[in-house]
Amino acid sequence: MRVRGIVHEAVEELTVGILLRDRLGNDVFGTNTFHHYSSSQHPAVGDAFQVDFAFPDLALGLGSYSITVALHKRDAHVADSYDWWDRALVFAVTPAERASSFVGVCNLPVSVAWK
């Protein structure tokens, strides 16, 4: 997941956060650059930035999801929130051929064995 932007005002710290929600608005997963020790300190006005969040396996259940993006200071958007874009992207997960079946929002690794 890639977030791009431009700094329009001087800020002490820039944290980029993402939040994945299901179709009912329930939080499925969220994180930000502060929690990964990589927030930008004193970015210059006019600087363009790009933050990439890589998921080795985004094993979501069938259904509709949305992504929210937040720009803020420190660990949470409640302190010095600069921008918030709810439903920045909406997408659907559809059935794959030969995929194991499950119920819920994520496909957890599981093995099944009869004894």
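The conditions are (1) modelled with pLDDT under 95; (2) touching a helix residue (DSSP H, G or I) at 6+ places or on another chain (Cβ under 9 Å); (3) of a type in the set (Asp, Glu), and Glu97 fails exactly one of them. Which is it?
For Glu97, the failing item is (2).
Considering only region 52-63, state which residues are over 11 Å from the mean Cα position of the chain (by Cα) and either within 15 Å of Gly17 (Cβ to Cβ) or among the acidic types (Asp, Glu) (or both).
Asp57
In region 27-57, what count of residues is obtained for those that are closer than 24 Å to Arg87 by Cβ, of a type in the set (Ser, Thr, Tyr) and assigned to a strand (DSSP E or B)?
Selection size over region 27-57: 1.
Quick one: count up the residues across region 83-105 that are surrounded by 14 or more Cβ atoms within 10 Å (Cβ to Cβ) and either touching a residue at least 60 places away in the same chain (Cβ under 8 Å) or outside any strand (DSSP E or B) (or both).
Of the residues in region 83-105, 1 are surrounded by 14 or more Cβ atoms within 10 Å (Cβ to Cβ) and either touching a residue at least 60 places away in the same chain (Cβ under 8 Å) or outside any strand (DSSP E or B) (or both).
Of the residues Asp75, Asp27, which single one is modelled with pLDDT under 95 and of a type in the set (Asp, Glu)?
After applying the criteria, what remains is Asp75.
Go through Leu24, Leu20 for me and flag whichever is without any contact (Cβ under 8 Å) to a residue 60 or more places away in the chain, among the hydrophobic types (A, V, I, L, M, F, W, C) and in a loop (DSSP other than H, G, I, E, B).
Leu24 is the lone residue from the list that is without any contact (Cβ under 8 Å) to a residue 60 or more places away in the chain, among the hydrophobic types (A, V, I, L, M, F, W, C) and in a loop (DSSP other than H, G, I, E, B).
In region 80-94, is there at least one residue being modelled with pLDDT under 90 and hydrophobic (A, V, I, L, M, F, W, C)?
No, the conditions are met nowhere in region 80-94.
Can you tell me which residue among Asp57, Asp80, Asp52 is surrounded by 12 or more Cβ atoms within 10 Å (Cβ to Cβ) and either acidic (Asp, Glu) or free of Cβ contacts under 8 Å to residues at least 12 places away in the same chain (or both)?
Selected residue: Asp80, the only one of Asp57, Asp80, Asp52 that is surrounded by 12 or more Cβ atoms within 10 Å (Cβ to Cβ) and either acidic (Asp, Glu) or free of Cβ contacts under 8 Å to residues at least 12 places away in the same chain (or both).
Among what's in region 6-48 and is touching a Leu at 6+ places or on another chain (Cβ under 7 Å) and under 19 Å from Leu89 (Cα atoms), pick the residue that is surrounded by the fewest Cβ atoms within 10 Å (Cβ to Cβ).
That would be Asp27.
The values are calculated or read from the model by the stated rules, or taken from the named source; none is laboratory data. Here the structure is a predicted model, which is why all the values come from computation and not from measurement. All Cβ positions, glycine included, derive from the backbone under ideal geometry; neighbour counts span all protein chains shown.
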